[in-house]
Amino acid sequence: MSASAFPLQRSQGTFRLTFKTARGDGGLTRLEGLYQSGCLKVRLPRTDAGAEAVLINTSGGLTDGDELTGGVHWREKTSAVVSSQAAERIYRSRGAAACIRNTLSVDAGATAAWLPQETILFDGGRLARSLTIRLQESSTLIALESTVLGRTAMGETVRAGAVRDRWEVWIGDELVLVDASELSSAEAFRDLCDEAAILDGATCFATLVYAANGCASQLAPLRAALADRIVVGGASCLGPLLLVRVASRDAAALRAAMLDLLSVLCARHPQVHVPGVWSL
């Protein structure tokens with residue numbers, strides 16, 4: 001009998017997080033509500049830089065049939081950064097995809113930073129990831145998702161696998177961005193990624209979305225930050241938001257480029273900071 005015929009225990013994790021502005025406390029952002037279940041936990045480290053939440057997947061990684069679902073709500077005039085304790089790992093699948101679904105809601109005047117660490121896809125892994133973001137016209141958002149196709153420093157190659165990614169960004173009732181992509185191959189995943197029109201040999205890539213009043217003024221600084229790094233990338237202004245894509249043959253170079261991009265945006269929004277877990 002095939003091993004895939006035997007049912008295995010699956011990882012299930014859910015979290016919901018709400019930030020509020022504390023009255024009589026200088027307008028500081030505080031935790032209003034927290035729900036966590038299954039393998040997903042949330043920790044709120046004390047930091048002088050501002051409110052911060054760190055997501056922890058206690059299962060240690062994901063494979064077929066595993067599901068993580070999360071939601072973060074920034075109420076009016078709050079400011080908080082949400083990150084992850086470590087890189088998420090997507091292990092070999094028996095057929096189905098590991099699913100990660102997150103929803104971000106950012107009220108008027110709030111500043112939200114969604115900055116998880118990289119997601120690493122191992123050989124044979126399959127990932128279906130979605131991020132739905134709901135903003136108001138006066139909201140500020142910095143959101144990042146990055147993917148690493150095997151740990152090249154460890155000699156790893158992804159020969160088969162799949163990555164399906166979908167972003168939705170709403171401002172009020174208007175859908176301003178739908179960005180869907182899929183890389184999938186049962187036998188020649190590396191050859192697919194080597195094609196010039198896809199990744200041209202890159203082994204990691206990232207997407208950064210920035211929304212704020214006057215966001216177009218940051219287009220030139222973001223492009224300049226990319227020009228100083230050994231990566232391939234570009235930044236575009238799409239009406240009320242900026243979209244940045246970066247790809248590299250080296251995960252360390254990708255992270256360095258993302259840190260440069262974040263430093264540009266943090267300089268404009270001092271209430272936002274790079275999460276401390278990024279340096280651990």
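The values are calculated or read from the model by the stated rules, or taken from the named source; none is laboratory data. Quick caveat: nothing in here was measured; it's all calculated off a predicted structure. Virtual Cβ from ideal backbone geometry, glycine too; neighbours counted across all protein chains shown. Note: areas computed on protein heavy atoms with side chains; ligands, DNA, RNA excluded. Shrake-Rupley method; radii C 1.70, N 1.55, O 1.52, S 1.80 Å.
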Subset of the stretch 242-280 [outside any strand (DSSP E or B) and under 17 Å from residue 217 (Cβ atoms)]: 261, 262, 263, 264, 265, 266, 267, 268, 269, 270, 272
Some residue of the stretch 22-29 being open to solvent by less than 30 Å² (accessible area, probe 1.4 Å), in contact (Cβ under 8 Å) with a residue 60 or more places away in the chain and assigned to a loop (DSSP other than H, G, I, E, B): no
Checked 97, 112 against criteria (under 24 Å from residue 255 (Cβ atoms), in contact (Cβ under 8 Å) with a residue 40 or more places away in the chain and of a type in the set (A, V, I, L, M)); the one match is 112
Looking at the stretch 261-280, which of its residues are surrounded by fewer than 18 Cβ atoms within 10 Å (Cβ to Cβ) and in contact with an Asp or Glu (Cβ under 9 Å, 6 or more places away or on another chain)? 276
Pick from the stretch 154-170 the residues that are farther than 12 Å from residue 126 by Cβ, touching a residue at least 12 places away in the same chain (Cβ under 8 Å) and over 21 Å from the mean Cα position of the chain (by Cα): which of them is most open to solvent (accessible area, probe 1.4 Å)? 159
In a loop (DSSP other than H, G, I, E, B) and either closer than 19 Å to residue 85 by Cα or out of contact with any Cys (no Cβ under 7 Å at 6 or more places or on another chain) (or both), is that true of residue 65? yes
Report, ordered by the first and then the second residue, all pairs with beta carbons closer than 6 Å, sequence separation of six or more or different chains, a first member in the stretch 242-258 that is within 17 Å of residue 201 (Cα to Cα) and open to solvent by 10 Å² or more (accessible area, probe 1.4 Å), and a second member that is among the polar types (S, T, N, Q) and at pLDDT 95 or above. 245/207
Among residues of the stretch 174-226 being touching a Cys at 6+ places or on another chain (Cβ under 6 Å) and surrounded by fewer than 19 Cβ atoms within 10 Å (Cβ to Cβ), the residue farthest from residue 160 (Cα to Cα) is 216
Tell me, which residue of the stretch 95-127 that is crowded, with 19+ Cβ neighbours inside 10 Å and of a type in the set (S, T, N, Q) is farthest from residue 61 (Cα to Cα)? 111
Members of the stretch 13-55 found to be farther than 14 Å from residue 72 by Cα and at pLDDT 95 or above, listed by number: 13, 37, 38, 39
Inside the stretch 190-241, can you point out the residues that are in contact (Cβ under 8 Å) with a residue 60 or more places away in the chain, not hydroxyl-bearing (Ser, Thr, Tyr) and not in a loop (DSSP other than H, G, I, E, B)? 204, 206, 208, 209, 211, 238, 241
Return yes when residue 264 is under 19 Å from the mean Cα position of the chain (by Cα), over 23 Å from residue 165 (Cβ atoms) and free of Cβ contacts under 8 Å to residues at least 60 places away in the same chain and no when it is not. yes
May I ask you to list the residues in the stretch 135-145 that are surrounded by fewer than 23 Cβ atoms within 10 Å (Cβ to Cβ) and either free of Cβ contacts under 8 Å to residues at least 12 places away in the same chain or among the hydroxyl-bearing types (Ser, Thr, Tyr) (or both)? 138
